[in-house]
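Data block below; observations after.
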Amino acid sequence: MSFSVNSSPTALISGLLAKTNSADQAAFMNLSCVNFPKHLEPEKSPEEVALAIFQTNAVAAGNGVGIFPRMARLNHGCSSAFNVVYSWREKEGVLVVYALKSIRKGEELLTTYTELRRPREQRRAYLTEHYGFYCTCSACSIPEEQSRASDIRLATISEEYGRFATWGNHEISGKEAIDHIRKIWALEDEEGYWSERGRLAADAAWIAAAHSE
Ligand SMILES: [Zn+2]
């Protein structure tokens with residue numbers, strides 16, 4: 001598909017939308033959007049609404065971006081609160097949502113909209129600015145004292161990642177690198193933050209192999 005370089009983002013999105021069937025159009029227009037221009041009225045500017053919906057909900061899909069109306073319904077949770085991640089599978093041309101932990105029947109699926117290794121206050125400020133909501137997920141609603149402990153754990157995880165990364169420049173030994181992974185693993189266990197497990201295990205295996213002789 002090609003578009004004139006003169007077409008505006010608004011015209012581009014509306015043009016693409018017009019090519020889909022009416023059920024898909026309805027599913028798309030039902031999605032939420034943030035940062036809709038304040039000087040416009042949504043009822044009078046459906047094309048601007050479509051653009052705002054696109055900007056709010058589009059996700060990377062291989063070399064392009066896409067809108068996935070069912071996945072776009074997923075709400076956000078921080079740290080221990082989110083339980084699914086998603087990724088695009090090029091071969092099948094589908095976006096797959098993966099569970100990170102066991103999910104009880106009826107439990108809400110929550111993904112994450114942002115980098116989570118930062119304190120509650122910063123996460124809330126970011127989510128308010130970019131997504132228009134003040135986060136009250138289960139990780140953000142814990143009592144003050146527990147929240148401070150969580151902030152410290154998340155900051156320590158970030159620091160440990162920073163130290164671990166120096167292995168790539170040969171600044172630390174393989175054993176030290178694995179020790180950092182162990183610390184991250186233990187902290188994430190305590191925090192209930194499991195999304196990085198696969199990656200961490202792969203890194204540990206890679207380091208062990210590199211230092212095997
Ligand atoms: Zn939260």
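The values are calculated or read from the model by the stated rules, or taken from the named source; none is laboratory data. Values in this document were obtained by computation on a predicted structure and should not be read as measured data. All Cβ positions, even for glycine, are placed from backbone atoms using ideal geometry, and neighbour counts span all protein chains on display. Side chains included, ligands, DNA and RNA excluded: accessible areas come from the protein's heavy atoms. Shrake-Rupley method; radii C 1.70, N 1.55, O 1.52, S 1.80 Å.
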Working carefully through the options 125, 139, find the one that is in contact (Cβ under 8 Å) with a residue 60 or more places away in the chain and either surrounded by 13 or more Cβ atoms within 10 Å (Cβ to Cβ) or of a type in the set (D, E, K, R) (or both).
-> 139
Complete set of residues in the stretch 183-203 that are within 15 Å of residue 78 (Cα to Cα), open to solvent by less than 50 Å² (accessible area, probe 1.4 Å) and at pLDDT 85 or above | 188, 191, 192, 193
Scanning the stretch 115-132 for residues that are touching a strand residue (DSSP E or B) at 6+ places or on another chain (Cβ under 8 Å) and more than 9 Å from the ligand (Cβ to nearest atom) gives 131
Residue check: is residue 50 in the same structural domain as residue 11 (by TED's automatic domain parsing) and within 16 Å of the chain's Cα centre (by Cα)?
-> no
When the residues of the stretch 96-114 are filtered to those that are open to solvent by 80 Å² or more (accessible area, probe 1.4 Å) and either closer than 26 Å to residue 55 by Cβ or not assigned by TED's automatic domain parsing to the domain that holds residue 151 (or both), which remaining residue is nearest to the ligand (Cβ to nearest atom)?
-> 108
